[in-house]
Each structure stands twice: as C-alpha cells, then as structure tokens.
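J.: Let me give you the structure first, and then I'll get to my questions.
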Amino acid sequence: MAITGFVAFGYIIGHMLGNLQIFIGPDQINAYAKALHMYPALLWVVRSALIVAFGLHIWLGAQLKLENLAARPVAYERKNTVKATLASRTMIWTGLTIFAFVVYHILHFTATTVNPAFEHLTDAQGRHDTYSMVILGFQSVPVAVMYLISVGLVCYHLSHGIASMFQSIGWNNRDTERWFRIISVGISTIVFLGFSAVPVAVLAGYLQPLTGGN
Ligand code: HEM
C-alpha cells in the first residue's frame, strides 16, 4: 500500500504543479497540455503504470478492510477509540469517494464526455484550449463545489496516508511519530490549497476563459 500510495502521491504533486501553471496564463498551460500529449505511446505507458498503481492501491485497501472485519466478526458492544484518528478509520470510504471523483474528473476534462463542446475548444495557435476548458468547467458553481469537497477528501486521505507510509517503511517510533504527523498534515494542507486555488480563482472571477465555449 505504501509503494502504490507513494506513486499516486507523486502523480498528485506533479498534477497540482501542472494545474497551477494556469496562473501564468493560457499560453503556458495550453503549451504544457500539448507537451503532455506529444508522444501518445509514452503517455499510455505512464497512464498504464498509474492505472496499475491506483488499481493495486484500491484492491489492497479493500482487502485490508475485509481482513480487519474478519478479525472481529462480532462488533464491539461499545466502541471507545483511544488512538486511531478519524482519517485513519475512514480511509476506505474517503478512498472509494476519491475513486468516484477521478472517474467523473476523467469524463469531465480528459474524455470530455460530460461536456463534448470542451473537446473542440482551441486557442489562437490551434492548440486545445485547456485554459478555457478548466475555467468554463468551474464556472458551474455545483461542479466547482464538488471539486473542492473532493480535493478536501483527497487531502484528508493523504493526511493519514503519508503518516502511515512512514510507519510501513519502519521510520516511525515514539520520538518521530509526532513529527511525521505534523509533516503529513502540513503536506496535505499544501496540496489542498494548491488544488483548490483554481476553482476558487474561477468562482472569484479572477480567471476568465478566452472564449464562451460554444
Ligand atoms: C481543481 C483540481 C484539478 C484540476 C483543475 C485538474 C485538471 C485536470 C485536467 C485539465 C486534466 C486533463 C489533462 C489533459 O488531458 O490535458 C486532468 C486529468 C486528470 N486528473 Fe486532474 N485536476 C484536478 C484535480 C485532480 C485530482 C485531485 C486528481 C487525483 C486524485 C486528479 C487526477 C487526474 C487524472 C488521473 C487525470 C487523467 C490524466 C490523463 O489523461 O492521463 N485531478 N486534470
């Protein structure tokens, strides 16, 4: 779980930095999106590796949950959690919700099934206008709010996942535990701010599309 989680985490950090280029301007993010699609074979190698990593992560997580349930077939009469955080106890549910979000997100911005007009947006250089697509996507308040809740869940999931990774690789002990918790919450907060900056800037009217999208 730690290895596949780390791969997913690496992708999330890279994706967040990629998205933030929207603040540099349309030319920057559209050139970046074009570069990502420049070598389709390479793109599919990376996508396949990510699908395997995300798939294994979900499968192993579900197995862990089932093992935990099997270890205590009869529920506690009175549950009085002493140490486990709420984030750690809800990993399976935040994880499955994130999976549903990623499916919607790919249909929204990659396959453009949710809004087929997004596929035909182009900028003055004839490139796909990713800049306007993202802004038009977040001009829908319910969609932007759904994204904000979802990236909140991603970060809540990460806040336990990162700490848990240090535990899995054996770095955690009585002295380091507190610090790893602080680092996990700190990184998760930065990831939340990085992802939510885009929908918030659109809702605030700071980012405007190049075209109306029709
Ligand atoms: C507000 C936050 C986000 C924005 C603005 C955003 C933006 C985008 C855009 C524009 C694409 C299409 C890229 C392209 O085909 O050129 C994309 C793809 C994708 N995003 Fe996001 N994203 C956000 C959050 C997330 C999060 C939190 C995750 C993961 C948990 C994620 C995972 C993905 C994946 C897996 C793809 C498909 C990549 C591919 O086509 O190979 N995104 N995103």
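J.: Ordered by residue, what ³J(HN,Hα) values in Hz, to whole numbers, does the stretch 131-138 give under the Karplus form 6.51 cos²θ - 1.76 cosθ + 1.60, where θ = phi - 60° and Gly and Pro are x?
T.: With the stated coefficients, the stretch 131-138 comes to 3, 5, 4, 5, 5, 4, x, 8 Hz.
J.: Can you list the residues, at least 5 places off or on another chain, whose amide H is less than 5 Å from the amide H of residue 122, using H built in the peptide plane?
T.: Answer set, sorted by chain and number: 129.
J.: Cα centroid distance between the stretch 27-42 and the stretch 85-123, in Å?
T.: Spelled out, the Cα-based centre of one part sits 20 Å from the other.
J.: At 25 °C and 0.890 mPa s, grab the translational diffusion coefficient of the chain from Stokes-Einstein with a Kirkwood Rh over Cα pairs, rounded to a whole number in µm² per second.
T.: Answer, rounded: 128 µm²/s.
J.: Using θ = phi - 60° and the Karplus form 6.51 cos²θ - 1.76 cosθ + 1.60, what ³J(HN,Hα) does each residue of the stretch 139-152 get, whole Hz, x for Gly and Pro?
T.: After applying 6.51 cos²θ - 1.76 cosθ + 1.60, I find 6, 7, 4, x, 5, 4, 5, 4, 5, 4, 5, 5, 5, x Hz.
J.: In whole Hz, what ³J(HN,Hα) sequence does the stretch 53-68 give by Karplus (6.51, -1.76, 1.60; θ = phi - 60°), x for Gly and Pro?
T.: Running phi through 6.51 cos²θ - 1.76 cosθ + 1.60 with θ = phi - 60° gives 5, 4, x, 5, 4, 5, 4, 5, x, 5, 5, 4, 4, 5, 4, 4 Hz.
J.: Now for a separate question. If each DSSP helix of 4+ residues adds -39,500 (n - 2.57) and the sum is divided by the residues in the chain, what number results at 222 nm, nearest 500 deg cm²/dmol?
T.: -23000 deg cm²/dmol
J.: Right, another one. Running a GNM on the chain with Cα contacts under 10 Å, which residue among 69, 107, 50 ends up with the highest mean-square fluctuation?
T.: Most flexible of the set in this elastic network: 69.
J.: Stretch residue 23-residue 182 to full length: gain in nm at 0.36 nm per residue minus the Cα-Cα span?
T.: 54.3 nm
We did not get these values from a lab; they are worked out from the coordinates using the rules stated. These figures come from a predicted structure and were not determined experimentally.
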